[in-house]
Amino acid sequence: ERRPVSAAAPSEPSPRSPAGMLPVVAGLLLVIAAGGRGSAAGDQESPPGSRFVCTSLPLDAAGAGCPLPPVPVQGGALPPEEELKATVLQLRETVLQQKETIGSQRDAIRELTGKLSRCENADGKSAAGTWKKELGKGKDTMGDLPRDPAQVIDQLSRTMQTLKDRLESLEHQLRANVSYAALPNDLREMLQRRLGDLERQLLSKVAELEDEKSLLHNETSAHRQKTETALNALLERVSELEKGNSAFKSPDEFKVSLPLRTNYLYGKIKKTLPELYAFTVCLWLRSSASPGIGTPFSYAVPGQANEIVLIEWGNNPIELLINDKVAQLPLFVSDGKWHHICITWTTRDGMWEAFQDGEKLGTGENLAPWHPIKPGGVLILGQEQDTVGGRFDATQAFVGEMSQFNIWDRVLKAEDIMNIANCSTNMPGNIIPWVDNNVDVFGGATKWPVETCEERLLDL
């Protein structure tokens with residue numbers, strides 16, 4: 001009876017392989033016998049009626065039947081770069097060989113597994129039971145390999161993956177060594193210094209450009225501001241020329257001229273008054289109108305046209321009206337000369353004072369006591385208001401010139417009033433200051449440069 005023998009043992013990688021030792025698949029040789037006819041492991045599968053007898057062989061019996069793959073022998077001494085290249089090529093060939101070996105081992109394991117399921121020994125026992133028994137005794141087995149064929153495949157797959165990883169690592173090292181190590185040390189240092197110098201120059205240039213940009217922005221802003229200031233001054237000058245005004249040395253050195261007694265010549269203060277519990281009103285005026293100089297100023301609010309009024313009407317003395325209450329003032333200014341007039345008032349007991357040319361000429365009380373001045377009204381120069389901002393009466397109009405009309409929200413001291421009157425102090429009002437852009441004129445009233453304070457003093 002003929003007993004063909006089939007061997008299925010994976011090839012062993014060379015011990016000199018740089019990738020390291022692969023697990024050795026020891027030879028488990030199976031002798032399979034069939035009644036009257038046999039079949040090798042590589043032949044077609046036997047018919048279902050055949051019997052197989054399985055016998056394990058020792059490891060040393062597989063030496064002659066399982067030749068190892070040839071290992072390429074390196075030549076003489078080579079440069080490190082060439083050795084790396086050769087190692088990479090050898091690893092690639094090893095990986096391909098392992099792939100082929102794993103493929104053949106998979107086929108052999110599948111075929112042997114199918115046959116073992118039907119294999120019996122000489123005593124008629126199951127081959128699988130004998131296989132497990134022999135493996136349990138630890139005799140004539142596959143040595144160090146895992147006892148499960150699936151584990152063998154997994155272990156070989158992991159080994160192949162390790163080889164691939166090491167191959168990629170060597171390729172990276174080779175590229176790095178070729179690109180960098182091939183340069184001399186002096187050349188590398190020179191290139192590093194040159195790159196450092198270029199980087200510093202670039203950063204310095206960027207900083208210079210940023211500084212120039214900032215300076216240019218500042219210069220542009222300053223130039224724009226100067227241009228806008230010049231344009232505004234030019235527009236104001238054109239506006240003054242259009243109104244027929246002469247140039248003023250400063251914003252407060254002008255006067256309002258009301259030469260006719262009409263109900264349409266007047267000036268208007270653009271600002272209004274807040275609520276006041278005390279005030280001081282000062283102004284320079286010159287008039288020779290008769291009878292009476294008229295109304296130098298009036299302040300009207302909704303519901304009260306005579307909130308604050310200074311008036312000389314007909315042959316009556318100059319009167320101060322607050323909330324339509326009247327106090328006669330001992331002032332005499334209709335001689336055609338410049339006079340400085342100041343009036344103070346406080347809601348506490350309605351106390352009032354009257355100054356002419358720095359000297360207090362009269363005082364009194366009970367002028368609208370405890371009545372605060374209402375805010376939001378209209379302040380008119382040269383006319384008395386019967387309604388807020390209108391209904392002027394020509395017989396009550398002021399005829400003459402006025403300047404330096406200022407209002408404070410407190411009672412000024414007598415010495416402050418004297419200093420203003422004798423030109424030793426220039427104190428603009430904190431509520432209503434006398435400035436050109438705060439006074440509009442209507443109906444033929446005009447604004448002209450005013451005489452200096454010293455010239456007005458000489459006129460007294």
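Here are the numbers for this structure:
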{"quantity": "Selected residue [surrounded by fewer than 20 Cβ atoms within 10 Å (Cβ to Cβ), closer than 23 Å to Ile322 by Cβ, basic (Lys, Arg) and touching a helix residue (DSSP H, G or I) at 6+ places or on another chain (Cβ under 8 Å)] from Lys413, Lys360", "calculated": "Lys360"}
{"quantity": "Of residues in the stretch 384-394 being under 58 Å from the mean Cα position of the chain (by Cα) and in a loop (DSSP other than H, G, I, E, B), the one surrounded by the fewest Cβ atoms within 10 Å (Cβ to Cβ)", "calculated": "Gly389"}
{"quantity": "Scope the stretch 286-303; condition modelled with pLDDT of 90 or more and crowded, with 16+ Cβ neighbours inside 10 Å; matching residues", "calculated": "Arg286, Ser287, Ile293, Gly294, Thr295, Pro296, Phe297, Ser298, Tyr299, Ala300, Val301"}
{"quantity": "Residue list for the stretch 425-437, restricted to those being open to solvent by less than 40 Å² (accessible area, probe 1.4 Å) and part of a helix (DSSP H, G or I)", "calculated": "Asp436"}
{"quantity": "Of all residues making up the stretch 438-460, the number that are closer than 21 Å to Lys271 by Cβ and either loosely packed, with under 15 Cβ neighbours inside 10 Å or of a type in the set (Asp, Glu) (or both)", "calculated": "2"}
{"quantity": "Matching residues, the stretch 363-383, being assigned to a strand (DSSP E or B) and open to solvent by less than 10 Å² (accessible area, probe 1.4 Å)", "calculated": "Ile373, Leu379, Ile380, Leu381"}
{"quantity": "Of all residues in the stretch 266-286 being outside any loop (DSSP other than H, G, I, E, B) and among the charged types (D, E, K, R), the one that is farthest from Asp440 (Cα to Cα)", "calculated": "Arg286"}
{"quantity": "Pairs, first at pLDDT 90 or above in the stretch 305-323, second of a type in the set (Lys, Arg), C-beta under 9 Å, six or more apart", "calculated": "Ala305/Arg391; Asn306/Lys325; Glu307/Lys374; Asn323/Lys374"}
{"quantity": "Which numbered condition Met402 misses (of (1) more than 29 Å from Leu265 (Cβ to Cβ); (2) open to solvent by less than 40 Å² (accessible area, probe 1.4 Å))", "calculated": "(1)"}
{"quantity": "Identity of the residue in the stretch 427-446, in contact (Cβ under 8 Å) with a residue 60 or more places away in the chain and of a type in the set (S, T, N, Q), that ends up farthest from Met351 (Cα to Cα)", "calculated": "Thr446"}
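For (1) under 16 Å from Val441 (Cβ atoms); (2) open to solvent by less than 80 Å² (accessible area, probe 1.4 Å); (3) modelled with pLDDT of 80 or more, each residue gets a yes or a no:
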residue	(1), (2), (3)
Lys205	no, no, yes
Glu208	no, no, yes
Arg237	no, no, no
Tyr264	yes, no, yes
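The values are calculated or read from the model by the stated rules, or taken from the named source; none is laboratory data. Please read all numbers here as calculations on a predicted model, not as lab measurements. Here the Cβ is made from the backbone with ideal geometry for all residues, glycine too, and neighbour counts use every protein chain on show. Heavy atoms of the whole protein, side chains included, go into the accessibility calculation; ligands, DNA and RNA do not. Shrake-Rupley method; radii C 1.70, N 1.55, O 1.52, S 1.80 Å.
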